Every structure is written in C-alpha cells, then in structure tokens.
1. I'd like the full set of residues that are more than 11 Å from the chain's Cα centre (by Cα) and part of a loop (DSSP other than H, G, I, E, B), limited to the range 67-76.
2. Just to be sure I understand the filter: pairs with C-beta atoms under 6 Å, separated by 6 or more residues or on different chains, first member in the range 82-93 and without any contact (Cβ under 8 Å) to a residue 60 or more places away in the chain and of a type in the set (Phe, Trp, Tyr), second member open to solvent by less than 30 Å² (accessible area, probe 1.4 Å) and assigned to a loop (DSSP other than H, G, I, E, B). Which pairs pass?
3. Could you grab me the full set of residues in the range 12-33 that are assigned to a loop (DSSP other than H, G, I, E, B), farther than 24 Å from Thr86 by Cα and without any contact (Cβ under 8 Å) to a residue 60 or more places away in the chain?
4. Provide a single number: the residues in the range 124-148 that are without any contact (Cβ under 8 Å) to a residue 60 or more places away in the chain and closer than 19 Å to Thr86 by Cα.
5. Do you know which residues across the range 34-60 are of a type in the set (Ser, Thr, Tyr), within 12 Å of Asp122 (Cβ to Cβ) and in a strand (DSSP E or B)?
6. Identify, from the list Ser118, Ser134, Ser149, the residue that is of a type in the set (Ser, Thr, Tyr) and modelled with pLDDT under 95.
7. Quick one: Asp61 ticks every box in (1) of a type outside the set (Phe, Trp, Tyr); (2) touching a Gly at 6+ places or on another chain (Cβ under 7 Å); (3) farther than 25 Å from Pro148 by Cα; (4) in contact (Cβ under 8 Å) with a residue 60 or more places away in the chain bar one, so which box is it?
8. Return the only residue of His91, His78 being open to solvent by less than 20 Å² (accessible area, probe 1.4 Å) and of a type outside the set (A, V, I, L, M).
Amino acid sequence: MQTQQPTPRLSFVQLLNDDRPQAMAWVTGDSAAPQLSGLVKFYATPYGGVLVEAEIFGLPDISVPGSTGFYALHIHEHGDCSQNFTRTGAHYDPAMRPHPDHAGDLLPLMGNQGYAWSAFYDRRFFIPDILGRSVVIHAKRDDFTSQPSGDAGEKIGCGVIRAV
C-alpha cells in the first residue's frame, strides 16, 4: 500500500482556512481610485517563504461589464502611503537585482469587473523582512521587462504591512 505524502498545497489550504496571517496590509485607493480597497495577508509557511493572499475590491475596471484587467502588485521599500503614494520608494529589492527579480515583484492581480482574489507562494522574503513596508497596486500590468519597475503605471492603491 502506497502512503500519500502531503503536498505544500495542503498546508497552504490549511493556512488560508485557519485565517491567521502573521502580517497584513489594508490597501486603499488614491483620489483616482477612491473605491479601491482590500486586504493583502501574509502567512509564514513550514516550507520557508510566505504565502500571500490578496482580495481587492473596486479596481478601475469595475464599471465595464464582463471586463478583466491586470494590475501590478508590488512590495515597496517604504511604508509611507501619504502624498498620493509618492513616498513608498522603489520596489523592495535587498539583493539589488534587476526587475523582475526584485523580492517585491509579486504576481499581478487580474481584476474581474473590479474584483481580484489571488494566493501564491514566494520564497524571496520572510515576514520580518517586509514589516513596515508597503504593498502597492499599479494602474497597469507589469510587463516584467522594463527597468527599473516594469512600466506598471501610476500607483492607485497602497497599504502598510503590519504584524498581526
């Protein structure tokens, strides 16, 4: 009889079901996207790295029936969302790598008529590394090529990552 080994997915599902993240960021929109809001949660995993879950409402494509749109999601080096998010600094990049290999370069959000939900695993940072930094949503998709930040457009949402 063959025993089935648990996969990381099973651990990730359990983490999401328990809903006890070690850090999270409440993201709000700027004056161009005042309806934007949501939570980005960060869970430590038994595999090292972090499970990231994002649930965002009010993305700009909300009023277009059947629409989908991609929005860049990044961790920026500073946790200051003031002055229309101009104080967030560059992408979080402790290894000084080119884009898209910054630790703060995350998977894009796919908005479906203004709503996006995403969960993914990332081993390029740990919870203590990102506390006090910001999560930023950009108006456009990240092209994963352009330097220094993927030509993702203006910052339309921001939240500071805090321990829970």
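The values are calculated or read from the model by the stated rules, or taken from the named source; none is laboratory data. These numbers were taken from a predicted model, which means no experiment stands behind them. For neighbour counting, all protein chains shown are included, and Cβ atoms are generated from backbone atoms with ideal geometry for every residue, glycine included. The protein model used for the area step is the full one, side chains on, heavy atoms only, and it has no ligands, DNA or RNA in it. Shrake-Rupley method; radii C 1.70, N 1.55, O 1.52, S 1.80 Å.
1. Within the range 67-76, just Ser67 meets the criteria.
2. Tyr92/Ala103; Tyr92/Gly104
3. Residue satisfying the conditions is Asp19 alone.
4. Number satisfying all stated conditions: 4.
5. Tyr43, the sole residue that qualifies.
6. Ser149
7. Looking at each condition in turn, Asp61 falls short on (4).
8. Matching residue, one of His91, His78: His91.
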